[in-house]
1. Determine the relative contact order of chain A: mean sequence separation of Cα pairs under 8 Å and six or more apart, normalised by residue count, in whole percent.
2. In the stretch A:2-69, what percent of the accessible surface is made up of carbon and sulfur (1.4 Å probe, ligands and nucleic acids excluded)?
3. Any idea what log10 I(q)/I(0) is at q = 0.07, 0.08, 0.10 Å⁻¹ for the protein assembly as shown, Debye with uniform C-alpha scatterers and no solvent?
4. Near residue B:137, which lysines are there with a Cα under 18 Å away, not counting those fewer than 8 places off in the same chain?
5. To the nearest 0.05, how large is the calculated FRET efficiency for residue B:206 and residue A:199 if R₀ is 35 Å and r is the Cβ-Cβ distance?
6. Interface A/B, total buried accessible area with a 1.4 Å probe, nearest 100 Å²?
7. Excluding ligands, DNA and RNA, what is the solvent-accessible area per residue of the protein assembly as shown at a probe of 1.4 Å, expressed in Å²?
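The values are calculated or read from the model by the stated rules, or taken from the named source; none is laboratory data. Keep in mind it's a predicted model, so treat the numbers as computed, not measured. Positions of Cβ are generated from backbone atoms using ideal geometry, with glycine treated the same way; all protein chains shown enter the neighbour counts. Keep in mind that these areas ignore ligands, DNA and RNA; they rest on the heavy atoms of the full protein, side chains included. Shrake-Rupley method; radii C 1.70, N 1.55, O 1.52, S 1.80 Å.
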Number of protein chains: 2
Amino acid sequence: MYTIGKLSKNTGVTVRTLDYYDEIGLIKPSSKTEGGHRLYSEDDVMRLERVLALKYMGFSLEQIKDILENSTSTWQESIQQQLELVKREQERLQVLEQALLGISYSIEIEGEINWKIIFSIIQLYQQDPEDALQQYKDYLNDDEMKKIMDMNVQNMSEEDIRNWMKVIHDIKNNLNINPASEKAQQLVESWLNQAEKMYGNDEKLLGDMWQALQNLKEGIAFYPMNKDVIQFIESVFIAKEEFKK
Amino acid sequence: MYTIGKLSKNTGVTVRTLDYYDEIGLIKPSSKTEGGHRLYSEDDVMRLERVLALKYMGFSLEQIKDILENSTSTWQESIQQQLELVKREQERLQVLEQALLGISYSIEIEGEINWKIIFSIIQLYQQDPEDALQQYKDYLNDDEMKKIMDMNVQNMSEEDIRNWMKVIHDIKNNLNINPASEKAQQLVESWLNQAEKMYGNDEKLLGDMWQALQNLKEGIAFYPMNKDVIQFIESVFIAKEEFKK
DNA sequence: TATTGAACAACACGTAACGTGCTGATTTAT
DNA sequence: ATAAATCAGCACGTTACGTGTTGTTCAATA
């Protein structure tokens, strides 16, 4: 028989917590002294350990009460449910991490907080990938859509995202230089390299995506590219072709 | 100028929430009607949107107040902190998922809830991997320790964990059969296959681990193996050697 | 056996971010 | 002007306890 203080020391659970478990009927001491002090039996200790185990697994005290009162039957179900929950939360955190990274890079590169960009990123991540791609459906076929979805931003490395943002930022800072200049050619080459690295070297896919981008209104799905950047790249390509002739 | 109801409809935020934000001074309407009804300006709407963005990023309302009041300087810091938090939470969930999977399999395979096993799993996951391996340090060298840590349970597939538990469970159910029998040889062969699949085919490493396991008191680091299982496997190996001669 | 210090029970209030009512006042539509 | 809709302001509820208080009981010592 343990007093509440001993039990607390043995298990590392605070007295207040045991107090609370008693109060809500989760763990009631199996006997008391004449004066009313609580005495916990070995069985009570076992029950406490089970409660702690279930708590570690992420169940609420309410759920723990249910699980411990009902028998084995619901166990698998409870654990599967908990697994589902954990997986959903993991997905949410994945998305959140990417969003935070994007915002961090945007501040780092642009040197200031651009709320428009932050909203774009959040919107981008809040809608599910299916929806985000809907705007491209006139230009891409089903296979291509699928391919893009498979390699969406979730699968890009931090390094890739950072480079992608950097190269586009560089272009934005040089929109008015001569498209035929050495510098312009270099910028577009960097962009092309990164694009191929991230979206594979499927020529047709890149071409179709390009078509789509040119016809879009200010889309955010390929943040942080915008019309200006697209036009600049286009003009550099044209200048290059001219030069060849 | 929006009344609280219009603002609520436009942004999807409940009136009670705006009520609360007013109460804690996070978003105060910039004017009021004669009768005291709140009127929100465009600026107020912008502020609300920023609050929502920051909330999406996982900041508390207290932190949001700080961030919005202090200027740009702390932004990067806040976001980095948030990223840290998100990453730690992801790790926690990873560990939890593995623990839940282990428990799920143990119930599935043993057909009942084995609290000892559940406690073992939780203990195993609660201590960090470094500590868990300390008990092997007399038998393994640094390189080997490192190798095991790199491929610890986190990197095993669900399939692997499931098979590993199944094969050991099979052995536990047949501890007293003749080590020289066909059945025994089969069991140990399955075990060996799975062990090699999971721990690579580094002969020396497997040998050293085996040494360690034999000398350990009931360890839990290679749950659910125990002394009995180890002895059985050993005896089958010996029987095999005998047979060869 | 009396005393004293430690442990205890029971209660109250606080936490974060609102949800869910409630009453009485104000606005809007008719 | 009157009805209907909206609003402000308040209070209590939620989760899993932490922190602090007061009065009581236990255990060890004199």
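1. Working: 167 pairs, mean separation 35.2, N = 245.
Value for chain A: 14 percent.
2. Result for the stretch A:2-69: 49 percent of the exposed heavy-atom area is carbon or sulfur.
3. Relative scattering, expressed as log10 I(q)/I(0), comes to -0.63, -0.79, -1.05.
4. Qualifying lysines at Cα under 18 Å: B:146, B:147, B:204, B:217.
5. For R0 = 35 Å, the calculated efficiency reads 0.25.
6. 3600
7. With the other protein chains kept in place, the protein assembly as shown gives 57 Å² per residue.
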